[in-house]
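Here the structure is laid out as structure tokens; the discussion comes afterwards.
The values are calculated or read from the model by the stated rules, or taken from the named source; none is laboratory data. Model, not experiment: these values are computed from the prediction. Cβ: placed from backbone, ideal geometry, glycine included. Neighbour counts: every protein chain shown.
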Amino acid sequence: MACVHEFGSSWELTAPWSGSKVTVPTLFIIGDKDLVYSFSNVKEYLHGGGFAKDVPNLKECIVLKDVGHFLHEEKPEIINHHILGFFKSFHVASHAEI
């Protein structure tokens, strides 16, 4: 946990990854009541193209209404629905296709 608390104040920790992109398929879910979502410029970054630029394989960015930071505890059925849908969007070869 110490690293998490230091993360915001120690940009040096992330300097080696400056400019890096997340290139794996990504599903991003956040609650509109999450404090992070209310931080300055976060909404603009998520919805204005900055996030998609840094995460070029972003499949979906979902903002859940009236949900805070602990999405999986507050709305487990909705979170499971989105995650399962994300997983199902990938074709997995069956034994017959191999």
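Consider residue 96 carefully, then state whether it is modelled with pLDDT under 95 and either in contact with a strand residue (DSSP E or B) (Cβ under 8 Å, 6 or more places away or on another chain) or among the small types (Gly, Ala, Ser) (or both).
So residue 96 passes the test.
Look at the range 31-83 and say how many of its residues are among the aromatic types (Phe, Trp, Tyr), closer than 28 Å to residue 19 by Cα and either part of a loop (DSSP other than H, G, I, E, B) or more than 12 Å from the chain's Cα centre (by Cα) (or both).
The qualifying residues number 2.
Filter the range 1-11 for residues that are in a loop (DSSP other than H, G, I, E, B) and more than 26 Å from residue 72 (Cα to Cα); which is modelled with the highest pLDDT?
10
Could you list all residues from the range 31-44 that are within 18 Å of residue 71 (Cα to Cα), of a type in the set (Gly, Ala, Ser) and free of Cβ contacts under 8 Å to residues at least 24 places away in the same chain?
38 - this is the single residue of the range 31-44 that is within 18 Å of residue 71 (Cα to Cα), of a type in the set (Gly, Ala, Ser) and free of Cβ contacts under 8 Å to residues at least 24 places away in the same chain.
State the number of residues belonging to the range 12-30 that are closer than 20 Å to residue 68 by Cβ and either among the aliphatic types (A, V, I, L, M) or part of a loop (DSSP other than H, G, I, E, B) (or both).
3
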